[in-house]
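Derivation of every value follows stated rules applied to the coordinates shown; laboratory data play no part. Because the structure is a prediction, the values reported are computed rather than measured. All Cβ positions, even for glycine, are placed from backbone atoms using ideal geometry, and neighbour counts span all protein chains on display.
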Amino acid sequence: MLWKKYSQEKINHHVFTALEKNISYTDEIMLGVPASYLDDKVFSKDSNILKNAPFLTTMVDNPNHIGCHTFGTSESFFSGTQEIERDVIRICSENIFNAAPESCDGYIASGGTEANLEAIWIYRNYFMQRYKASIEEIAILCSSDSHYSMDKASNLLNIGLYKVSTNDETREVQSNELIKTIRTAKENGTKYFIVIANMMTTMFGSADDIELYISNLTNEGVVFRLHIDAAYGGFFYPFANKSNPINFSNPHVSSITMDAHKMAQAPYGTGIFLIRKGYMSYASTREASYVEGEDCTIIGSRSGANAVAVWMILAKYGPHGWFEKVLVLQRRTDWLCEQLIQLGIQFYRNPFSNIVTIRATSINSSIAHKYHLIPDNHHDPNWYKIVVMEHVLIDKMEPLIEDLKN
Ligand SMILES: Cc1ncc(COP(=O)(O)O)c(C=O)c1O
């Protein structure tokens with residue numbers, strides 16, 4: 001397994017060694033790049049501050065990870081930290097999502113939205129180039145509990161969007177509803193489907209049944225590609241539900257979005273896009289001729305410090321430490337659910353999730369506001385969610401339970 005737990009000393013050594021492999025704006029003659037280290041009148045380069053701070057040092061050094069570094073050539077200036085990014089992509093695709101060694105490409109995106117957009121952009125172009133599909137023949141298919149980045153993608157990429165309703169109690173897509181939606185899309189001229197299945201939805205933490213999508217789309221005789229939105233769940237669900245089938249071991253799963261800036265507590269700007277080899281070039285912008293290796297990401301320039309941050313978090317915990325972290329959050333969520341059941345409060349929780357979503361009819365809105373619960377919509381809430389993150393200790397949830405009792 002590539003994913004290992006390292007001592008802090010080894011983590012520091014690894015990152016500082018990578019930075020030494022990058023070109024130095026200070027020590028080398030670097031005349032053509034429209035970038036530099038962070039302004040040292042504002043951001044200190046004081047070695048006393050940065051000595052044991054590999055992430056801050058990377059921020060100050062300011063490497064640009066423009067492009068994708070898992071295939072083809074890349075900008076040679078920042079090869080040290082690009083290697084760290086490659087390791088993050090391999091750990092996520094192979095050790096978390098069961099991909100075969102070196103079978104995936106990917107990059108650190110700005111967030112879950114960009115990673116979802118990237119997948120949909122790639123498949124739209126793939127269908128247009130490989131199947132000579134017209135824009136009108138391509139559509140996104142997902143559940144009504146999916147993140148609004150699907151609506152953004154439909155708007156930006158000018159393709160249709162079909163949402164299958166979910167059951168109000170179970171949050172599951174029903175087979176008959178799915179078939180109805182696929183047939184409506186076909187009647188409207190859709191021949192090529194970009195399917196987005198969820199590994200933990202934003203509001204409910206629910207996970208889709210990918211076999212339901214695969215079998216029904218196959219029965220309907222349509223061409224499809226399957227992307228998994230694990231922006232929220234990617235660093236949680238595979239550890240809480242180790243035998244779950246949503247990963248690259250299923251040949252239909254071609255790409256996955258993860259977000260380290262959610263459950264992994266990394267800085268914002270650490271979305272992770274993973275895709276089987278062979279697809280990335282469908283997003284290649286050949287006009288990016290001044291970038292070595294060209295660019296097939298949406299974002300363009302991006303900080304190498306984000307890759308370093310994700311790698312440091314993964315290396316600090318190692319796979320077993322990560323499993324234990326998830327286990328603690330699961331137990332806390334169990335505690336919360338036990339209290340709500342005792343109080344007769346109606347809620348939804350996927351057994352492998354740390355999101356608890358309470359029916360608005362079961363909770364006074366002033367209590368929901370007091371504890372900053374998040375509504376499904378701010379105008380007329382049907383649900384309020386509690387997300388049991390690292391800082392959401394039982395001690396912090398207890399006053400809510402007391403208020404609910406009263
Ligand atoms: C399931 C899911 N997908 C995508 C996103 C979008 O992520 P970001 O805000 O990082 O763009 C979110 C954000 O909450 C999410 O929950």
On alpha-carbon atoms, Rg over Rh for segment 34-116 using Kirkwood Rh?
1.04
Share (percent) of C-alpha pair distances in the chain greater than 28 Å works out to 51
Averaging 1/r across every pair of distinct alpha carbons in segment 76-316 and inverting yields a Kirkwood hydrodynamic radius, in angstrom, of 18.1
Over the Cα atoms of segment 198-309, each weighted equally, I'd like the Debye log10 I(q)/I(0) at q = 0.12, 0.24 Å⁻¹, rounded to two decimals.
-0.54, -1.34
Taking Rh as the Kirkwood radius, which is the inverse of the mean 1/r over Cα pairs, what is the Rg/Rh value for segment 236-276?
1.02
Any idea which of Ala115, Asn350, Cys296 is furthest toward the positive side of the dipole for the chain, if Lys and Arg beta-carbons carry +1 and Asp and Glu beta-carbons -1?
Asn350
Take the alpha-carbon positions of segment 284-406, form their convex hull, and give its projected area averaged over all directions (one quarter of the hull surface) in nm².
11.7
Under a crude label model (7 Å from the Cα following the beta-carbon direction), how far is Ser36 from Glu402 in nanometres?
5.6
Compare the Cα positions of Leu329, Leu38, Cys68 along the charge dipole of the chain (+1 at Cβ of Lys, Arg; -1 at Cβ of Asp, Glu; about the Cα centre) and return the one farthest towards the positive end.
Leu329
Given contacts defined as C-alpha pairs under 8 Å and at least six residues apart, what's the relative contact order of segment 62-114, whole-number percent?
36
PRE zone check, label point 7 Å out along Cα-to-Cβ of Thr170, amide N under 19 Å, scope segment 123-160, hits 142-146
So, with points 7 Å from each Cα along the Cβ direction, the Glu287-Asn158 label distance in nm works out to 1.4
Please check: in the Gaussian network model of the chain (C-alpha springs, under 10 Å), which one of Gly221, Gly111, Gly205 has the largest mean-square fluctuation.
Gly221
Rounded to the nearest 20 Debye, what is the dipole magnitude of the chain about its Cα centre when Lys and Arg each give +1 and Asp and Glu each give -1 at the C-beta?
480
Which value results for Rg/Rh of segment 196-248 when Rg is the Cα radius of gyration and Rh the Kirkwood radius based on the inverse mean 1/r?
1.01
Charges only on Cβ, +1 for Lys and Arg, -1 for Asp and Glu: so what's the dipole of segment 338-406 about the Cα centre, in debye to the nearest 20?
140
Whole-Hz Karplus couplings 3J(HN,Hα) for segment 72-81, θ = phi - 60° and coefficients 6.51, -1.76, 1.60, Gly and Pro as x, run x, 9, 9, 3, 6, 4, 10, 5, x, 7
The farthest towards the positive end of the charge dipole of the chain, of the residues Ile84, Ser362, Gly106, given +1 on Cβ of Lys and Arg and -1 on Cβ of Asp and Glu, is Ser362
Hydrodynamic calc, segment 78-126: Kirkwood Rh from Cα pairs, then Stokes-Einstein at 25 °C with viscosity 0.890 mPa s, so D in µm² s⁻¹ is 205
Distance histogram for segment 132-176 (every C-alpha pair counted, 10 angstrom bins, percent rounded to whole numbers)
27, 44, 25, 5, 0
Pairs Lys132/Lys191; Lys163/Lys186; Lys370/Lys405; Lys262/Lys325: which exceed 18 Å Cα-Cα?
none
So what is the 222 nm mean residue ellipticity for the chain from helices alone, if each DSSP H run of at least 4 adds -39500 (n - 2.57) and you divide by all residues, rounding to the nearest 500 deg cm²/dmol?
-11500 deg cm²/dmol
How big is the gap, in Å, between the Cα center of segment 45-68 and the Cα center of segment 352-378?
40
Suppose R0 equals 22 Å. What FRET efficiency, 1/(1 + (r/R0)^6) with r the Cβ-Cβ distance, do Ser243 and His320 give to the nearest 0.05?
0.80
Amide H within-cut-off set for Val164, under 5 Å, with H built and near neighbours excluded:
Cys142, Ser143, Ser144
Kindly identify segment 16-56 as rounded, prolate or oblate by the Cα gyration tensor criterion: order the square roots of the eigenvalues as a ≥ b ≥ c, call it rounded if a/c is under 1.5, otherwise compare a/b with b/c, prolate if a/b is larger, else oblate.
oblate
By average Cβ neighbour count within 10 Å, what is the ranking of 134-147, 317-330 from highest down?
134-147, 317-330
About the Cα centre of segment 76-316, how large is the charge dipole given +1 on each Lys and Arg Cβ and -1 on each Asp and Glu Cβ? Please answer in debye to the nearest 20.
240
